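Trainee: Questions regarding the structure given below will be posed in turn.
What follows draws every value from the coordinates through simple rules; no lab data is involved. As the structure is a computational prediction, the values presented were derived from the model and not from experiment. Quick reminder, even Gly has a Cβ in these numbers, built from the backbone with ideal geometry, and neighbours come from all protein chains shown.
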Amino acid sequence: MADYKQVSDPRGHANEYIITTPEYFYTQIAALSATFDAVVSAHNIEHCNAPDETLAAMLSVIKPGGRIFLAFPSEASVNFPHRKGTLNFYDDPTHIYLPKFDSMCEAVTSRGYRIDVAKKRYRPLVRAIRGLVKEPRCRLQGTVEGEIWSLYGFETIIWATRIAV
């Protein structure tokens, strides 16, 4: 396993840095104590062999009052055009699980979290407008740039806070 498209060494931004295999991913997380202020899981869960266990493990290691950010492909992405760079969920052969919005929200709240923001198809306006400008060129090239994701609403996001007990 290795880092994917990192522009700088992640070790410079982490107190502890662990790389593991998909088979042991959730067990590595679950072995950590509940001491994290935040967990960021951006386009990770759809690649996991055990997504439910991985989400449960991530939620279990956050302190009361701590936050989690989840980003994953929208369920609607299975109907988007196919392009290099992944616009359709199935464009990426390493995608093995399509998270369901309602199920993910239920899993988060059932483990003692309050959902602060949840967008089934996240479309930030300025980025979507930029995507609209780039779309003709990208369509002709059969490619994707970040703003194209925003135009289509490729990404689902959930921000949640662990309720203090």
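Trainee: Name, by its number, the condition in (1) touching a helix residue (DSSP H, G or I) at 6+ places or on another chain (Cβ under 6 Å); (2) surrounded by 14 or more Cβ atoms within 10 Å (Cβ to Cβ) that does not hold for T94.
Mentor: Of everything listed in (1) touching a helix residue (DSSP H, G or I) at 6+ places or on another chain (Cβ under 6 Å); (2) surrounded by 14 or more Cβ atoms within 10 Å (Cβ to Cβ), T94 misses just condition (2).
Trainee: From the residues in region 25-60 that are in a helix (DSSP H, G or I) and touching a Lys or Arg at 6+ places or on another chain (Cβ under 8 Å), which one is farthest from I158 (Cα to Cα)?
Mentor: Top of the filtered list is S60.
Trainee: Hey, another quick one. Taking the criterion of being within 30 Å of A34 (Cβ to Cβ) and touching a residue at least 40 places away in the same chain (Cβ under 8 Å), would at least one residue in region 132-143 satisfy it?
Mentor: No, because not a single residue in region 132-143 is within 30 Å of A34 (Cβ to Cβ) and touching a residue at least 40 places away in the same chain (Cβ under 8 Å).
Trainee: Working only within region 72-113, note down all residues that are among the β-branched types (V, I, T) and farther than 15 Å from S41 by Cβ.
Mentor: V78, T86, T94, I96, T109
Trainee: Now, a different point. Which one is farthest from A164 (Cα to Cα), of the residues in region 111-135 that are of a type in the set (K, R) and in a helix (DSSP H, G or I)?
Mentor: K134
Trainee: Note down all Cβ pairs under 9 Å where the first residue falls in region 90-112 and is on the phi > 0 side of the Ramachandran plot, the second is surrounded by 12 or more Cβ atoms within 10 Å (Cβ to Cβ), and they're at least six residues apart or on different chains.
Mentor: If the second residue must be surrounded by 12 or more Cβ atoms within 10 Å (Cβ to Cβ), the pairs left are G112/L59; G112/R162; G112/I163.
Trainee: Let me ask something additional. Are any residues in region 137-165 under 15 Å from F89 (Cα atoms) and of a type in the set (F, W, Y), and if so, which ones?
Mentor: W149, Y152, F154
Trainee: Also, quick follow-up: Tell me, please, whether a residue that is assigned to a helix (DSSP H, G or I) and in contact with a Leu (Cβ under 6 Å, 6 or more places away or on another chain) can be found in region 62-80.
Mentor: There is no residue in region 62-80 that is assigned to a helix (DSSP H, G or I) and in contact with a Leu (Cβ under 6 Å, 6 or more places away or on another chain).
Trainee: Within region 136-165, track down each residue that is of a type in the set (F, W, Y) and assigned to a helix (DSSP H, G or I).
Mentor: Scanning region 136-165 gives W149, Y152.
Trainee: If you don't mind, there's one more thing I want to ask. Kindly provide the set of residues from region 64-105 that are within 28 Å of A38 (Cα to Cα) and touching a Ser or Thr at 6+ places or on another chain (Cβ under 6 Å), ordered by number.
Mentor: Those that are within 28 Å of A38 (Cα to Cα) and touching a Ser or Thr at 6+ places or on another chain (Cβ under 6 Å): R67, L70, F72, S74, F89, D92, F101.
Trainee: Could you tell me whether L125 is free of Cβ contacts under 8 Å to residues at least 12 places away in the same chain and hydrophobic (A, V, I, L, M, F, W, C)?
Mentor: yes
Trainee: Another question about this same structure. Could you tell me which numbered condition I18 fails, if it satisfies all but one of (1) among the aliphatic types (A, V, I, L, M); (2) surrounded by 16 or more Cβ atoms within 10 Å (Cβ to Cβ); (3) assigned to a loop (DSSP other than H, G, I, E, B)?
Mentor: So the condition that I18 fails would be (2).
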